[in-house]
Structure formats: C-alpha cells, structure tokens
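Scroll down for the structure; my scribbles are underneath it.
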Amino acid sequence: MNGIRLLSNEFRLLSRSAFARLVVVLTAGFAVLGTRAVEYSNDLQFHGMGRTSLTMSLGAAQYGAMAGAALFAMLTLLVLSRDRRQQSGAIIEAATGHGPVTAARAGALLVLGLVTTLVCLVAALVAHHVQTTASCEVLPYLFSLGWILLPALWFATLLAATLDLVFENLDISFLSFGTMYFLGFTTPNYLLRWVQTGASVSSDFGGIEPMGRLVIYNRLFWLCLVAGAVLIGFWCRRRPGFTLPASLARNAGRGLVPIAALLLLAMAAWVYRHEPYLFPADSAFQRNLPRTQQAWLETVECHARLRPEAKTLAVDAHYTFGKDKVPAQVEFITNAGLRIDTLKINGADAAWSYVPHTDRVTISLPPGNRAEVECRYQGHILYPAPGGFPGYITDRSVYLLENSHWLFEPLVQARGPIQVSGSVTAPAHLTVVTPGRLESVTQDGQTRTWRFAATCPQLALGLFAAEYARETLKVGPATVEFFFSPRHESYIRAAKITNHIRDMLGFYRQFIGSFPFDDMPLKIVETSVYKPGGHASLNVVTLAEYLLNRKEVPDPNTHPGFILRDLKILAHELAHEWWGSGVAIDESGAWSSEGLAEYVTYRYLASRYPLAIADAIPRGWQGSIAQRKYAYYRKDPEALARMKPALREKLLTGQAKGDAYSVLPVRLLKAEERVGKEVVRDRLAEVFRQHRGKTLDRQDFAAAIGPGVIDLEKEQP
Ligand SMILES: [Zn+2]
C-alpha cells in the first residue's frame, strides 16, 4: 500500500515537471514524423510506396524509439540524481530509506513510458487519417508501438537507472548510456539493436510476421538482459558510508538479488546463443563454391509439403546423377534450418557429413555411371541475415527463392538440361505458384496438391504461395500468368502494369528472339517487400509489392523515377527469361546474364522513353565501374592482404556483383560504336537462337558472339 502511494506521489511530481512533459511531446512529435519514414529512407525505391498501417506504424515506432530512448534516459538520470545534486539524500535516507524512493521514481518513469506510448499511438492514428485514405488498422499500430517503442522507452529508463545505481555519477552515466544508445541502433547484429529494429518497412503483402518474429525475439533477449542489469544495479546500491566494493560485498550476503541477477544474465546469454532465425554462415555469402566435375544432374523429383501453421516444410527429393565411373564426392547446399531425416544412395541407407561451419553436406557417390540419391528433410527456413529474406513460411504467404535452398542444391558440373518434376502440398486457402508448368491440382480435405514439371538448364527453383488473384495474358504464342495480391489490384489496373508487361515481352521477342520456353508459361508473381526489387528463376519472375502498390499512379512519360525504378526492374527481370533462363551465362567475374539483362533493359527503355531519362542507366554503369576502379584497396595492392578475411570477402563479393551488372553492358555499348547497333543486336540474337536452353561459360559466350564484337583478351576487365 505504502509502495503504491509512493509511486503515485512520484508520478504526480514527475507529471508536473516541464522537462518530463517536453519529453512526451517530443517523442510523440518524432512518432508522427515517423509515419512518413519511408519517404525519408536512403533507399529511393521505397519512396512513394503505397501507404499502409503496417509501414506507417513501423516508422512511427522506429522514430519514436530513436528520440524517446535518448530523452527518457536523460530524464531518468536527472530525476534519480536529483537528491545527490541537491544534497538531500541524507534527509530522505533518514525518512523513508533511499531504496524505496529510487524504486518508486523508476516505477513512475516506467508509467510515464506507458503514457508516452499511448500518446504516440493516438498521435500516429490521427496522422494516419490526415495523411492517407488507406484503411487504418489498429493492430499493426498496437504491435509496432507495443513491441518496439514501449520496450525501447522502458529499456532506456531501466538501463539509465542501473547506471545511476552503479556509478552514482552523472557524467559517467551519461557517457556510458550514450555508448549503449549508439550501439543500440548502429550494430549490424539485430539482437543487440535495442533501440530500433533492423527492418525499415513491413509488408502489406506478407504481413508483419517474417520481420515481427525478429522484433519479438530481440525484445525477449533484452528483457532478460535489462532485468539482470537492474538487479546488478540494486546489488551495487551504496550502503550509507560504504564504498562500492564494500557495498557489493555486504549486499551479496543478503537475499536473492545477486542470485536472481546472475540467473537472469545467464538466461540472456542462453537466449542470445540459441537465436533461432538466422544462419550467418549461409552459402549465400560464398563465391565460386567448388563443383564436382565427375558428376552432373539429370533428373530431380521433389515432393514438398508446406505446413504454414507450424512455419515448416517437409521435402522428399530424389536426384539422379550421371557420372564418371570413379567414385565422387558431392556437396549439397542445404538450409541450416532443415534437418535431414533419411538419405539413401542407390536404394541403401547412406551417411552424410556437414562441412564444418557451413550449411553444406558432403555425400559420397559410389563407382558406376549413374547414382540415385533420395533425401528426406524437414524444418524451418533460416535467414542468412536480418534483412532481405530469401525465404519464409507464414500462414499468409510462402516465399521460397531458390537461394533459400528449400530444395537442396548439389554442386556438380552443369551439363545439359535437367528434368524436374514433383508436387507441392499446401493448405487449400493458398494458391501455389510452382516452377515450370502446372500439371494438375487435386484437393484432399483441407489441402491441395499442385503437380508440376519443368526442364531447366540449372537447378534453381523458386516456390511461392499466397492468396493470389490471377490474370492470364497471351503475348504472341506465349502464355503469361500474372499472380498478384487482390489488395493491390486497383493500382495494377490504374498503372496499366499488364500493358507494360505485354510491351516489354513484345520488344524482347523482336530484339532477341522468340519466347524462350515452348512448353511453360511465364509466371509473374507479386512477393513481399522483405526481398526488395525483383528476381527471376526459370519461368518465374517475382516483383516486390511496392512495384505494384504505389501511393499515386505515375505518368510514365513524365516520371523519371517510375521509368528508372519500377519499369526498369520489371524490364530487367523479364529480360532474364531470355538471358538467364533461356540462355544462361555461367557467372564468372564480369561476364554474366545480369549484364545482358541490363543491356536489353536499357535498349527497351531507350526505345520507348526520352533518352534524357533512359541515359541515366549507362551513366549508372560507368559510375559503378569508376567507383570500383578507384577504390582504395585497388590502388594499394597490400590493402586487401591486410584486411580481415570476412571484410575482404565482402568487398570482393560486392565488387563481383557490381561488375556483373555494369562491365558487360558498357563493353556492348562500345561494340555498338565500333560495329553498329544492328550488328551487336543480330549477334546477340544469333547467340540466343543457337544456344537456347544451354549454359555458356565466358569463353563460349565470347566465341559465340564472334570476334570483333567483344574481344575476350582485350576486353577482359
Ligand atoms: Zn538480374
């Protein structure tokens, strides 16, 4: 009873303070500003995204937390050090004991954090109504403000209170808190980001869950950590007339505080260690993984069962390899979250071993000209990093790019087309988009099974499912199936997206050659913003939702941003049907399908829109080449050798990626100057005609395009 009176007393005092009121107002002001956060983002492609409660509430929470955490820590340090500064500590100690007063003040600050969050909630909801007519859903606001903003304010208060108890010194406490604050929103480790969370947008298409689970886990970790820290603070609390070590020793002898503190810190360490969503050593970060040359893939049959309610999948995969007579070791890239249940080679149980610290397993193929590998595995999909998920499974959508490795990929030589067939079983409310062509759909109670078949130059299969609307288009002899969220249909119609798709495909048919697949439709699939941009694998092209959900319908003739971002991404991904899926260039250094896709994208946009706009594309290639050419680590040959291996790998990977998009198109433009646009176009069309369905390496490609266009020796970057 006494405690509650003390707390309400302290809260009344606090609410009369002008500084406390200013803290509330400033935090709410930042939250309101944050509802427009995507418009201030460094990532230009997010600008002009359709407004949704999810993204607006996330921005409000992030901005509110950024300002609020700093302000609450200042307020806490000032309030708790008041008596020391006014030297009234001794009087209070005599009257009630300093401990209860400190606890009541910290409690009052926590209540103020709750009040501030409620004020932010109301302010953000009002801001939502003022800024947009998009429907205002309260749940996303409750989630974002409740899981991001409120914990940030509370953690800031409790961390500051702990610092005050430990140091009893305002300057040191301010400095220490400042360090924790900057770490709290700059570290790349999402678990340590206690102020803000890693993601800057949340998906209207896929819902909050794929990103939200990281937010919740982060908060769980900090809850343990901060609770432990607070108890450490109380453990350090000075006894009157004692120094810190003496107080520590005396407090240690009394009660549960030290035991509980150590238990909570141990729990935090356990939560940190058992982080369940990421696998940072993912093969996505490796370049040029060695491929076994003694074996190649001939057929794959896979049966996948999606279990969105459990967020898992189970796969039965059957690989047939052609091989040299000698035994061969083959590595499979897996997803670290998927556990192998059984493995059979040529019908007999076989062993596998993990390559240490990777997501790859090695198996041994026995002597003979063929080998059959049957593998059964199941589990969760782990993300390689906290942003840009290559795969996730939720009730609302399933997004599995080939590089999530939901289908284990054997690292063998590329030789001839691979026959793939199989099925996907999913709850009946989901429309599954399979790779290749759909053979049949059958319903069995609450689930449906989608059977598919495909022929592909390499094993790179994506798998998608959501509650899609579908539109089928005919472009010449080709069938195009467009899968999109019904939520975004009005924008898709107004921006005439299907007209753009038709126009692009028509241009490529003329410019490069007939549609690459005779027996498969092209599938264009809307996916969530958690993987920005677009992606292409085999006959499936994905587009991140914001390309199909803009705030305003832009006029392509006057809106450079729309042409250079949205249409460019769409044109680039569609171009991959020819360069990438139709004919693949084995990625080696600067020579890749990416460069060819960029080149034909530019040719398309330059043929349709003012050159003053389209020419920004080749300028971008030049700029990115120059940036790498003059990089400091290129000028100083020893700089790379001195670097930490991880940083070196990151730089070189980034460089190879940048080169892949820019070097080849610049070479092709130079060739245009030398031999004429038509010659370059005709040679490329000829390469496509002759090599459809094949994978070419660098030499093959340069030889196929012919001497005089790109001279390999001279033009190698
Ligand atoms: Zn691409």
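The values are calculated or read from the model by the stated rules, or taken from the named source; none is laboratory data. Quick caveat: nothing in here was measured; it's all calculated off a predicted structure. Methodologically, a virtual Cβ is constructed for each residue, glycine included, from the backbone with ideal geometry; neighbour enumeration extends over all protein chains shown.
Numbers at a glance
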| item | result |
| --- | --- |
| Of residues in the stretch 460-471 being in contact with a helix residue (DSSP H, G or I) (Cβ under 8 Å, 6 or more places away or on another chain) and aliphatic (A, V, I, L, M), the one surrounded by the most Cβ atoms within 10 Å (Cβ to Cβ) | 461 |
| Residue 625 surrounded by fewer than 21 Cβ atoms within 10 Å (Cβ to Cβ) and in a helix (DSSP H, G or I) | yes |
| Only one of 527, 498, 542 that is surrounded by fewer than 18 Cβ atoms within 10 Å (Cβ to Cβ) and hydroxyl-bearing (Ser, Thr, Tyr) | 498 |
| Residue in the stretch 472-494 that is crowded, with 17+ Cβ neighbours inside 10 Å and free of Cβ contacts under 8 Å to residues at least 40 places away in the same chain present | yes |
| Any hit, the stretch 673-695, residues being at pLDDT 80 or above, charged (D, E, K, R), assigned to a helix (DSSP H, G or I) and buried (at least 16 other Cβ atoms within 10 Å of the Cβ) | yes |
| Residues being charged (D, E, K, R) and either touching a Ser or Thr at 6+ places or on another chain (Cβ under 6 Å) or not in a strand (DSSP E or B) (or both) - total across the stretch 329-359 | 2 |
| Hits in the stretch 420-436 - residues which are polar (S, T, N, Q) and touching a His at 6+ places or on another chain (Cβ under 9 Å) | 423, 425 |
| When residues of the stretch 573-611 are limited to those that are of a type in the set (Phe, Trp, Tyr) and more than 10 Å from the ligand (Cβ to nearest atom), the one farthest from residue 415 (Cα to Cα) | 609 |
| Leading residue by the ranking (modelled with the lowest pLDDT) among those in the stretch 251-298 that are farther than 30 Å from residue 223 by Cα and among the hydrophobic types (A, V, I, L, M, F, W, C) | 285 |
| Single residue of 675, 709, 680, 600 found to be of a type outside the set (Gly, Ala, Ser) and touching a Phe, Trp or Tyr at 6+ places or on another chain (Cβ under 7 Å) | 600 |
| Meets criteria (within 20 Å of residue 403 (Cα to Cα), more than 12 Å from the ligand (Cβ to nearest atom) and among the aliphatic types (A, V, I, L, M)) for residue 614 | no |
| Meets criteria (assigned to a helix (DSSP H, G or I), more than 30 Å from the chain's Cα centre (by Cα) and surrounded by 15 or more Cβ atoms within 10 Å (Cβ to Cβ)) for residue 284 | no |
| Strands (runs of 3 or more DSSP E) lying entirely in the stretch 475-572 (those with 2 or more residues that are within 16 Å of the ligand (Cβ to nearest atom) and touching a Lys or Arg at 6+ places or on another chain (Cβ under 8 Å)) | 540-544 |
